[in-house]
Amino acid sequence: MFSWWFDLGPWTLDEQMTTETDHTNTEESTLALYRIEIDKFTGPLDLLLHLIKRDELDIYDIPIAEITRQYLEYLDIMREFNLEVASEFLVMASTLVYLKSRMLLPLDDEEEEEIETDPREELIRRLIEYQRYKTAAHDLNMRPQLGKDIFVRPELEDKAHPDDHFIEASLFQLMDAFARVLSEAEKRRPHEIIKDAFSIEDGVEHVWSAFENKKSMKFDELFTGSENRRKIVTIFLAILELMKRRQLMAVQQDHDGPLRLIVEPAEYSGRPPGE
Amino acid sequence: MTDKRNKALIEALLFASPRPIGIDVISEVTGMEPANIGDILRSLVEEYDSESRGFSLLEVAGGYQLRTRPDFADEVGALFLARARRRFSRSSLETLSIIAYRQPVLRSEIEKIRGVDSGGVLRTLLSHGMIRVLGRKEAPGRPILYGTTSEFLEYFSLRDLESLPTLQEVAELDTDDAIVNDEGDIENGHRDSGENNLYADESGGGEGEESATGLLDDD
C-alpha cells in the first residue's frame with residue numbers, strides 16, 4: 001500500500017508482555033495453579049501477593065501457615081514443570097518457614113518481654129512497598145506508548161551536517177559497537193599466526209592516518225581492513241586512549257544511530273577532565 | 001504580525017519538529033514573547049481537543065509535541081515498518097517505576113524492593129534508553145546510581161517527573177490488573193482514547209501520601 005516505510009528509530013521494543021490471569025475461585029486452588037502461566041511471576045513477592053489476592057487474605061494479618069503451605073506447593077509445581085526456581089524463591093521459602101515457626105512456638109518468658117513486634121512485620125512491609133511499585137508499573141503501562149499507540153513525526157536523517165546534532169555516546173554504545181566490529185572480524189579471520197607486535201601507539205597512528213584531514217569518521221570505518229583480532233582490540237584501546245586525552249569524542253545522532261568519532265570537539269574546551 | 005498568523009506560525013513549528021519543542025526555542029526562532037507563546041499553545045491544546053482531531057498537542061519532556069491519538073494506533077502504526085508489537089515486561093516496568101519514583105537509586109535498593117536480582121532488567125532498560133547512569137554514590141564500592149531519561153518521559157507522554165501519578169497507598173489489594181490476550185489487546189484495562197484519563201498528568205486524585213515532587217529534576 002505504501003511505497004515507503006518509516007524507521008521508528010529508538011522506539012522499537014522487543015520484550016514480551018507478561019500478564020496476570022484472573023483467579024477468583026479459591027476452591028479450585030490447585031487446579032488454578034496449573035492454569036497460571038507458571039513462569040510469569042517476577043519474584044517471590046509477586047507470587048505472595050498473588051496468593052494473598054487470590055485467597056482474599058488480609059495482608060496486614062497474613063495466615064503464615066496457610067500461605068507457607070501454598071507457597072511451597074507452588075514451588076513444587078514449578079519443579080514439576082521443570083522450571084528453574086530462582087534462588088530468591090527459595091530464600092523466601094525459608095523465610096516463610098521461619099516465620100511460621102516463630103508464630104507457632106511459644107517464646108521463653110524473657111524473649112517474650114523483649115520482642116513485642118510481630119515477626120511478620122518486615123515481610124508485610126516489604127509486600128506493601130512492592131505492591132506500590134507494582135501498581136505504579138501497571139498504571140504506567142496503561143498509558144499510551146510512543147511507537148505503539150501514539151506516533152510522532154519521525155526524525156529526518158540530516159545528511160548535510162551529520163555532526164551538528166548529536167548526543168555523546170554512552171559506554172554501552174561504545175562497547176556494543178566494538179563487540180559488533182569484533183564479531184564481524186571473527187567471521188572473516190584467516191587462520192594465520194600474526195607475528196608483528198602492534199602497540200597502542202601504533203593504534204593511535206593508525207587512527208590518525210585513517211582520519212587524515214577529516215573532522216569525523218564512522219566508528220566502524222576505523223577497523224576496515226583489520227582482521228587480526230589483536231589489532232582490532234589495540235585500535236579500540238587507542239581510541240579509548242584518545243578519548244581519555246580528549247582528542248576524540250564518541251557521538252551518535254540518536255540513541256540507536258551509528259557511532260561516530262569527532263576530532264578535538266569544541267565541547268571539550270574548557271571542560272575539566274573527568275566531568 | 002497578527003494573532004492569527006502567530007498561531008499559524010507556531011502550528012507550523014509544531015508540525016515540523018520531530019522532537020518536543022519548548023517555549024524557549026519557539027521564542028528564539030520567532031522572536032515572540034514566551035507568555036504570548038504559552039497562551040497560543042494552550043489555546044491550540046484546547047482547540048485540537050475540542051475538534052476531535054486525529055492528534056493532540058501534548059506537553060512532554062519539557063516541550064510541546066503533536067501526537068496522534070491512541071484510537072488510531074492500528075492504522076497509524078501500519079505506516080511504520082518496525083512498530084513495536086509487544087510491550088515492556090512486568091519486570092521491566094516494575095524496575096522502571098522504582099527508578100522513576102526514587103531516583104537517584106541504587107541497584108541494591110531496587111533489588112531490595114523487588115526481592116529479585118535485577119541486573120538483566122537494568123541492562124535492558126539501559127539499552128533501550130529508558131534509564132541512565134546518574135553517577136556513583138560516595139559510599140564503599142562507589143555503587144552506580146540510576147535515573148530515568150528524557151526518552152522515558154517522551155515514551156510515556158510525561159511532561160516531567162513531577163507529572164508521574166502519585167504513588168498509591170495500598171488500601172486494598174484489588175488493583176484492577178488488565179488482562180492482555182495473545183493479540184496484545186487489553187480486555188478489561190483502563191486504556192481508552194479519552195484524554196481525561198491519560199493526559200491529565202497533574203496528580204489530582206489518589207489517596208497516596210507520597211507525592212512525586214520530591215524527585216530530582218531531570219536535567
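Observations on the model:
- Of all residues making up the range B:109-119, the number that are modelled with pLDDT of 95 or more and among the hydroxyl-bearing types (S, T, Y): 0
- Condition met for B:S43 (farther than 14 Å from B:A8 by Cβ and among the polar types (S, T, N, Q)): no
- Test: residue in the range A:258-269 that is of a type in the set (S, T, Y) and at pLDDT below 70: yes
- One residue alone among A:F198, A:F172 is modelled with pLDDT under 85, of a type in the set (F, W, Y) and not in a helix (DSSP H, G or I), and that residue is A:F198.
- Candidate set: the range A:126-140, residues that are facing another protein chain (nearest Cβ under 7 Å) and aliphatic (A, V, I, L, M); chosen: the one nearest to B:F156 (Cα to Cα): A:L140
- Any hit, the range B:107-130, residues being part of a strand (DSSP E or B) and in contact with a strand residue (DSSP E or B) (Cβ under 7 Å, 6 or more places away or on another chain): no
- Count of residues meeting criterion [touching a residue at least 24 places away in the same chain (Cβ under 8 Å) and either of a type outside the set (G, A, S) or more than 30 Å from B:V133 (Cβ to Cβ) (or both)] in the range B:53-93: 15
- Segments classed as helices (runs of 4 or more DSSP H), wholly inside the range B:1-103, with at least 1 members that are β-branched (V, I, T) and within 30 Å of B:G120 (Cβ to Cβ): B:90-102
The values are calculated or read from the model by the stated rules, or taken from the named source; none is laboratory data. If you're wondering where the values come from, they're calculated on a predicted model, not measured in any experiment. Ideal geometry is used to build each Cβ from the backbone, glycine not excepted, and the neighbour counts take in all protein chains shown.
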